[in-house]
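Q: My structure is below; once you've seen it, I'll send some questions.
Please treat every number below as a calculation from the coordinates, not as lab data. No experiment lies behind these values; they were computed from the predicted model shown. No Cβ is skipped: glycine too gets one built from the backbone with ideal geometry, and neighbour counts run over all protein chains shown.
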Amino acid sequence: MMIIVSACLAGVHCRYDGNAKPCEAVIRLVAEGKAIPVCPEQLGGLTTPRQSSEIVNGRVWMRDGTDVTGAFTRGAQEAINLARLAGATSAILKARSPSCGVGRVYDGTFTGRLIPGDGIFAALCRENGLSVKTEEDL
């Protein structure tokens, strides 16, 4: 059974700030060939580094007010296509991310406040029948 994982958790420097958020359990799954790392934001054409983004009323905005919903949606679709090709049934995603957050995401004010909700890719994973959790659930 293959697992899709957020690439930043696998040690890839793809986050908005150019960093990774390595998670040893995820790195081990990738090394064992049990998981495939994806970064929906990069797959959608966003650069690294880039401004931070948050979701407001279903749209994704960068801190400077640029609407990047299209890039997030394209990237999520590309990532779910990879998940399908790999036969993935579950995903381990980066908590609170506007792409990968599961259950809680930032509220769009760029103040660090969290609200209930999923990131764009996490929601698409659920819609496609994948079970989703974050590194905090491991």
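Q: Report the Cys residues of the chain lacking a disulfide-compatible partner, meaning no second Cys Cβ under 4.7 Å from their Cβ.
A: By the Cβ distance rule, which asks for a partner under 4.7 Å, the isolated cysteines are C8, C23, C100, C125.
Q: Just how large is the dipole of the chain about the Cα centre, in debye to the nearest 20, putting +1 at every Lys and Arg Cβ and -1 at every Asp and Glu Cβ?
A: 60
Q: On to the next question. For a quick check, take a GNM of the chain with Cα springs below 10 Å and name the residue from L114, L43, L85 with the largest mean-square fluctuation.
A: Its mean-square fluctuation being the largest, the pick is L85.
Q: In degrees between 0 and 90, to the nearest 10, how far off the longest principal axis of the chain does helix 69-86 point, with axes built from Cα atoms?
A: For 69-86 against the chain, the angle is about 10 degrees.
Q: Now for a different question. Give me the one-decimal nm value for the distance between modelled label points at E127 and Q51, 7 Å along each residue's Cα-to-Cβ direction.
A: Distance between the two pseudo-spin positions: 2.6 nm.
Q: Within 10 Å, at most 13 other Cβ atoms, and a DSSP state outside H, G, I, E, B define an exposed site. Report the longest part of the chain free of exposed trypsin sites (Lys or Arg not before Pro).
A: In short, 64-112.
Q: Let me ask you something else. Which residues' amide hydrogens lie under 5 Å from the amide hydrogen of V5, considering only partners 5 or more residues apart or on another chain, with H built in the peptide plane?
A: I36, V38, I92
Q: Starting from the Cα of L82, step 7 Å along the direction of its Cβ; do the same at D107; then give the gap between the two resulting points in nm.
A: Between L82 and D107, the simple spin-label model gives 3.3 nm.
Q: Assuming R0 = 25 Å, what is the FRET efficiency of N19 and T66, from their Cβ-Cβ distance, to the nearest 0.05?
A: Efficiency, rounded to the nearest 0.05: 0.75.
Q: Let me ask something else. Expressed as a rounded percentage, what relative contact order does the chain have, with Cα pairs under 8 Å and six or more residues apart?
A: Relative contact order here is 23 percent.
Q: Obtain the nm distance between the two label points defined at L138 and E32 by a simple spin-label model: each point lies 7 Å from its Cα along the Cα-to-C-beta direction.
A: 1.1
Q: Between (i) 9, 22, 23, 16, 12, 9, 5, 1, 0; (ii) 14, 48, 33, 5, 0; (iii) 11, 31, 23, 15, 9, 5, 3, 2, 1, 0, which matches P(r) over Cα pairs in 10 Å bins from 0, in percent calculated for the structure shown?
A: Label (ii) holds the value from this structure.
Q: Among DSSP beta bridges whose residues both lie in the stretch 2-137, state the antiparallel percentage, nearest 5.
A: 40
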